[in-house]
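Down below is the structure, laid out as structure tokens.
The values are calculated or read from the model by the stated rules, or taken from the named source; none is laboratory data. What you see is a predicted model, and the numbers here were worked out from it, not measured in a lab. Don't worry about glycine lacking a Cβ; one is built from the backbone with ideal geometry, like all the others, and counts go over all protein chains shown. Areas reflect the complete protein model, heavy atoms only, side chains present, ligands, DNA and RNA absent. Shrake-Rupley method; radii C 1.70, N 1.55, O 1.52, S 1.80 Å.
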Amino acid sequence: MDKVSKIRELLRNITGTDKPIFDFLLMEVVSVEGDLCRAKIGDFIIPDIRLASIEGGAENGLLVTPAVGSVILVADISCGNLRGLNAIGYSEIESLRFHQGSTTLQADARGIDATVGSSTVHIEDGKIRLGGEDNGGLVKVEEVRQSLESLKTYCETLREAVSAGIKAVGAGILANGTTGATAFLSLI
């Protein structure tokens, strides 16, 4: 080995650049299959990039699925050998799934599904379904607003009718005619 090569080797040893290191790559997602995806750097397509941090990690944990055509940040834990690749950052997410024990949460652009034991909730397009029934146990706000408006109109009509009745008929000395109607109206 010549002196220049020896000096270069010694400098690499001193600075630690002779040791393998993790590498990070930006890649474009080509396809997704379960908890793996295929992505490319330039025209070079690399298969089997993990979307969960460890093999089988999506079984009990978090699975983030990137959108096809989006950019992902990939960690190369094989130190440059392009074998242990894990997606760790996403420019666009297609869906996510969290599973732990009997709890599962699945979300995408269409809606959200949550399951805890045998209880389920599905939210899609402004509708909520609990245990398979639309709005089971939840308030339908527009229907409640209409009912309250109808009840308010009924109460106002009833108040006017009672007031008119008191004015016309009178009821005893203190509630006679206009005096009674005024007293009634001040109470409501």
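Surrounded by 11 or more Cβ atoms within 10 Å (Cβ to Cβ), modelled with pLDDT of 85 or more and of a type outside the set (D, E, K, R): does that describe G180? Even if it seems obvious, please write down each step before you answer.
Numbers: surrounded by 11 or more Cβ atoms within 10 Å (Cβ to Cβ): yes; modelled with pLDDT of 85 or more: no; of a type outside the set (D, E, K, R): yes.
Criteria not met by G180.
I'd like to check something: does segment 72-95 contain any residue that is within 30 Å of V141 (Cα to Cα) and under 16 Å from the mean Cα position of the chain (by Cα)?
At the first step, the residues of segment 72-95 found to be within 30 Å of V141 (Cα to Cα) are 95.
Subsequent filtering for residues that are under 16 Å from the mean Cα position of the chain (by Cα) retains 95.
Yes: one or more hits.
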Strands (runs of 3 or more DSSP E) (entirely within segment 26-84) containing at least 2 residues that are open to solvent by 90 Å² or more (accessible area, probe 1.4 Å)
44-50
Within segment 95-104, restricting attention to residues that are open to solvent by less than 70 Å² (accessible area, probe 1.4 Å) and without any contact (Cβ under 8 Å) to a residue 24 or more places away in the chain, which residue is nearest to S31 (Cα to Cα)?
T104
So which residues in segment 109-123 are surrounded by fewer than 14 Cβ atoms within 10 Å (Cβ to Cβ) and in contact with a Ser or Thr (Cβ under 7 Å, 6 or more places away or on another chain), if there are any at all?
V116, G117
Based on what the data block shows, is Q146 modelled with pLDDT of 85 or more, farther than 30 Å from S53 by Cβ and either assigned to a loop (DSSP other than H, G, I, E, B) or of a type outside the set (A, V, I, L, M, F, W, C) (or both)?
yes
